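Encoded as structure tokens, the structure appears first; notes follow it.
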Amino acid sequence: MRNLDEAKVVGIINPTEDPDSGRRSHMAPSEADPGRSADAALVRGLRSDDPEALRHLMESYWEPLVGFAQRILSGAGDPEDTVQTAFVRLWSRRYDLDEAGSLRAFLYTIVRNASLDELRKRTRRDEAQSSATPPASPRTPYEDVQGAELQRLAAAAVARLPERRREVFRLVREEGLSYQEVADIMDLSAQTVANHMSLAMADLRTALKPYFPDRLSGTDGGEDAVSDREQTNG
């Protein structure tokens, strides 16, 4: 039996009777290509349980998200089912949405994660479990403290990046998207994404250099530049 959130999304995809049709939408129907300000209006609508905000969002993004999921799945699953799952997840997390964030990037990230979840399920069904690997050597308390401190410093440095540079960095490094995927999400060229990543890495090296002088003093960004060229050309 479907839960209420899934029923709400499915009802919008295949409408029968909409008891909320008389409610005023938080999003003007004429805005077919929502930008940042429209994103904020949609977020307010979603957080107010406005089904018209969800309907508008699905009408605006359904086809491009299905195409995006199809490229990831490559025939290994139903992209429409995957996008429907993504919208169910979005609706269930609507109260956590941030008006200042990029709703478009958030949507593409959810669809990508849902697609990868489907691929992992297929892999588990189609392939035998790999043999267990021997446990790694236990970490020392010093290594645990050192690792936690590095994570704290890196997170603080990322938080200080300019907004767009930070968004690109997180989509690439934390969500694992390729430069081209990020370019598609943010309406940028792949080269612009590469430039943002190069600047972000330079900012992070500068921020962390006082803590790791031996490791970072001789770094000139060569490895990152190679990675940028490979992703851009790929």
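The values are calculated or read from the model by the stated rules, or taken from the named source; none is laboratory data. In this text the structure is predicted, and so the values were computed from the model without any measurement. Here the Cβ positions follow ideal geometry from the backbone for every residue, glycine too, while neighbour counts run over all protein chains shown.
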All but one of (1) surrounded by 15 or more Cβ atoms within 10 Å (Cβ to Cβ); (2) among the basic types (Lys, Arg); (3) within 17 Å of the chain's Cα centre (by Cα) hold for Arg71, so report the exception by its number. (1)
Looking at the range 102-110, can you tell me whether even one residue there is over 20 Å from Glu80 (Cα atoms) and modelled with pLDDT under 75? no
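So that you can scan it fast, the table gives a plain yes or no per residue for (1) of a type in the set (Asp, Glu); (2) crowded, with 18+ Cβ neighbours inside 10 Å:
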site: Asp78; (1), (2): yes, no
site: Arg93; (1), (2): no, no
site: Asp98; (1), (2): yes, no
site: Gly101; (1), (2): no, no
site: Val111; (1), (2): no, yes
Test of understanding: among Arg205, Arg166, Arg170, which residue is at pLDDT 65 or above, closer than 20 Å to Val111 by Cβ and part of a helix (DSSP H, G or I)? Arg170
I need the helices (runs of 4 or more DSSP H) fully contained in the range 1-89, keeping only those with at least 3 residues that are under 21 Å from Arg112 (Cβ atoms), hydrophobic (A, V, I, L, M, F, W, C) and modelled with pLDDT of 85 or more. 36-47, 51-73
